[in-house]
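The next block holds one structure in the form of structure tokens; read it before the comments.
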Amino acid sequence: MEKVLTQNINDQREPKWLSDYEAAGGYRALKTVVNDYQPTEVGECVKKAGLRGRGGAGFPTGVKWSFMPRFEDKPDERPAHIYMVVNADEMEPGTFKDRLLMEGDPHQLVEAVAIASYAIGADIAYIFLRGEYTESRWKLEKAIAEAEEAGYLGDHVLDSNFSLTMYVHMSAGRYICGEESALLSALEGRRAVPRHKPPFPAASGLFGQPTTVNNVETVCNVPHIINNGPEWYQSLGLNKDGGTKLYGASGHVANPGLVELPIGTPIRELLDHFGGIRNGRALKALLPGGGSTPILTPDHLDTPMDYEGVGAAGSRLGTGTMVVFDEQTPIVGVLKNLEHFYAQESCGWCTPCRDGLPWVERILTNLEAGQGRPGDIELLDMHTKLLGPGKTFCAHAPGAMGPLESGLKYFRDELSALIPDNGDTLAFHEPANAESHQATTQT
Amino acid sequence: MNTVLSDAEIEEIRHEMALYEDPQAATIEALNVVQNHRGWVSDEALAAAAEVIGVTPTQMEAVATFYNLIFRHPVGRHVIMICDSISCYLTGYEEMRDHLKSSLGIDFGQTTPDNRFTLLPICCLGNCGNGPAMRVGNDYHGNLTPETIDKILADYA
Ligand SMILES: Cc1cc2nc3c(=O)[nH]c(=O)nc-3n(C[C@H](O)[C@H](O)[C@H](O)COP(=O)(O)O)c2cc1C
Ligand code: SF4
Ligand code: FES
């Protein structure tokens, strides 16, 4: 298979710096775009290619860009700034793909962000980087400096009317910063609390100005779409979705890591790429695309790893980085570990999430310790409803319920078996003699 | 006049402030700057950084307490952050955690008496393919075993 996103990346993650990147065809797409394309034409091309967001939600990228207000014909009304923001927070457990793209080929991202900025009319771009990615930081800053020097960034990019300043913003660690509206709060120097939508960022984003937020991998596709055309990009995918995907596997596979393959490659084939399950064991279950994607089982091995395929199997493609469990893994430990993360990383803004997630974690901890009580499974069921989509301010809590709800669906008996049969009842259960008690008090 | 922060710290914070439409956006980076110079952010340094940015110490504090990587207590020369998220958990996190705790003789959140190491849990480090994983200072270490942990720690004075 033709490698697209990772064509310049070697095992040591030694990037191609400017001259080598140019020699490999780098910045050709940016030149084409600023010389030959109207900004909206770039978006049309990306739309035609069928590129969808790789940050988790899978929204069509060209459509997202088309929501940005246009000022080409009315420059007087143009706001002070229009912003392109790259989501490089990458804190979802099991997700480790954007780091490779930034450390292995920083110029690819810089060029991609410049093209995306041109397409949406942005004059300032921020790469919002998680605090631990110090290597990504220096590499990106070096690439940005080289690109400025060469005239790919700054005033009048390649002598055109397009000007762009690009910065790296270093975060300080909180999963919720990855949620796009919370990210904007964080970028403004506040607590990373999500914002009400609408207004959407395209109408009122960073500092109240029009803003687009895209994932690292999403934008990295753009220069290749420009260079080779939307039809080529479409044809790379195996089904409806276009392009390739940076797939990963971690946990109990023999050779964990990352691989770039056509989008829509079936899970079974992906697992083969990672050497199958380690120590010759059998697969128990997997999370297809990070810690918030509902669990899939060996029954789903023929599922194509694309948006529709994984959706039809009852989960989400998410970030496309699978977490794999072998047959000896107790499901309660997996769920407890995930819910601990979500409880800890809740921003605390809304009550169901702030108080519900620690409760879920406590129930799972008790179950694991053999101290479960009758009613615990039903309590977990209840939380999957009360913290589900639409019940909380943002998608953090519903994301946390993805693995739990599917875990209860596929491994209910295993979880129920953890409750000791010792006759304990929950304190708030109706006493068995409630009726007679009532009768007594009435007389 | 700001006498708590060094000229270098103030200059770095001012540099950050210039990157944004609103200088308040440099709040987090100001805390990062102070921490890079001092290892942690004291009340005094926090108030001084707030003054440079032009926000109240309370606003600064609200931000400082929200983010995982801002230390509001002194830390040792090297901060060990061991990933406790799912892929590392599946590949042996608990054993590595116990080994670190017992060989350093400290619990999470504590610093060794010789001030060499502070031990903290951290969520997914983006090194899931090499779990169990940890960071010591700015260095990534993966595929940990008790033996490799001992070897790695010996390299940090
Ligand atoms: C709690 C939460 C955390 C998220 N974390 C990330 C993240 O770390 N990186 C990312 O690209 N998207 C993350 N997202 C998705 C973003 O909100 C947003 O959909 C994405 O950045 C849009 O980019 P895309 O359209 O290119 O995928 C997160 C969403 C939620 C609800
Ligand atoms: S769902 Fe959780 S993370 Fe999202 S706003 Fe509510 S408390 Fe914050
Ligand atoms: S789960 Fe440990 S580095 Fe990702």
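Please treat every number below as a calculation from the coordinates, not as lab data. In this text, all values refer to a predicted model and were calculated from it rather than measured experimentally. Backbone-built Cβ (ideal geometry, glycine too); neighbour counts: all protein chains shown.
Report the FRET efficiency, 1/(1 + (r/R0)^6), for A:Ala57 and A:Arg354, where r is their Cβ-Cβ distance and R0 is 25 Å, rounded to 0.05.
On the way: r = 23 Å, r/R0 = 0.91.
Efficiency for this residue pair is about 0.65.
Straightening the chain between A:Asp159 and A:Ala395 buys 80.7 nm, computed as 0.36 nm per residue apart minus the Cα-Cα spacing.
Taking a temperature of 25 °C and a viscosity of 0.890 mPa s, what whole-number D in µm²/s does Stokes-Einstein yield for the stretch B:20-72 with Rh from Kirkwood over alpha carbon pairs? Working shown, then result.
Working: Rh = 10.7 Å.
Value of D from the Cα-based Kirkwood radius: 230 µm²/s.
Just checking the listed ones, A:Gly280, A:Gly407, A:Gly264: in the Gaussian network model of chain A with Cα springs under 10 Å, the one fluctuating most is A:Gly280.
Here the ratio of the Cα radius of gyration of the stretch A:1-123 to 2.2 N^0.38 Å is 1.16.
A viscosity of 1.306 mPa s and a temperature of 10 °C, combined with the Kirkwood radius over Cα pairs in Stokes-Einstein, give a translational diffusion coefficient for the stretch B:34-157 of 103 µm²/s.
Temperature 37 °C, viscosity 0.692 mPa s: under these conditions the Stokes-Einstein estimate for the stretch A:121-172, based on its Kirkwood radius over C-alpha pairs, is 283 µm² per second. Computed over the stretch A:212-330, the quotient of the alpha carbon radius of gyration and 2.2 N^0.38 Å is 1.08. Above 32 Å, the calculated P(r) of the protein assembly as shown contains 49 percent of its Cα-Cα pairs. Binning all Cα-Cα separations of the stretch A:300-356 at 5 Å, short to long from zero, yields these whole-percent fractions: 4, 15, 16, 16, 20, 18, 9, 3. Over the stretch A:153-285, all Cα pairs binned in 5 Å intervals from 0 give whole-percent P(r) values of 2, 8, 12, 12, 12, 14, 17, 12, 6, 3, 1, 0, listed from short to long.
A Gaussian network model of chain A, with springs between Cα atoms under 10 Å, assigns the largest mean-square fluctuation among A:Pro374, A:Pro198, A:Pro398 to A:Pro198. Placing a label point 7 Å from the Cα of A:Ala203 along the Cα-to-Cβ direction, the residues of the stretch A:59-95 whose backbone N falls under 17 Å of that point are A:64-70, A:79. Per residue, the convex hull spanned by the alpha carbons of the stretch A:71-223 comes to 109 Å³. Give the cross-link partners of A:Lys245 among the lysines, using a straight C-alpha distance below 16 Å as the criterion and excluding same-chain residues fewer than 8 apart. Filter leaves A:Lys3, A:Lys97. Note on the stretch A:337-406: Cα-only Rg and Dmax are 11.3, 34 Å. Compared with the alpha-carbon gap, the fully stretched path from A:Asn10 to A:Ala80 is longer by 21.1 nm at 0.36 nm per residue. On C-alpha positions alone, give me the angle between the axis of helix A:134-149 and the longest principal axis of chain A, in degrees, nearest 10. Compared with the principal axis, the helix lies near 20 degrees. Largest GNM mean-square fluctuation across B:Asp43, B:Asp22, B:Asp98, computed for chain B with C-alpha springs under 10 Å, falls on B:Asp22. With a cut-off of 18 Å, note down the residues of the stretch A:1-22 whose backbone N falls inside the zone around a label point 7 Å from the Cα of A:Trp138 toward its beta carbon. Residues A:12-18 qualify, since their backbone N sits under 18 Å from the label point.
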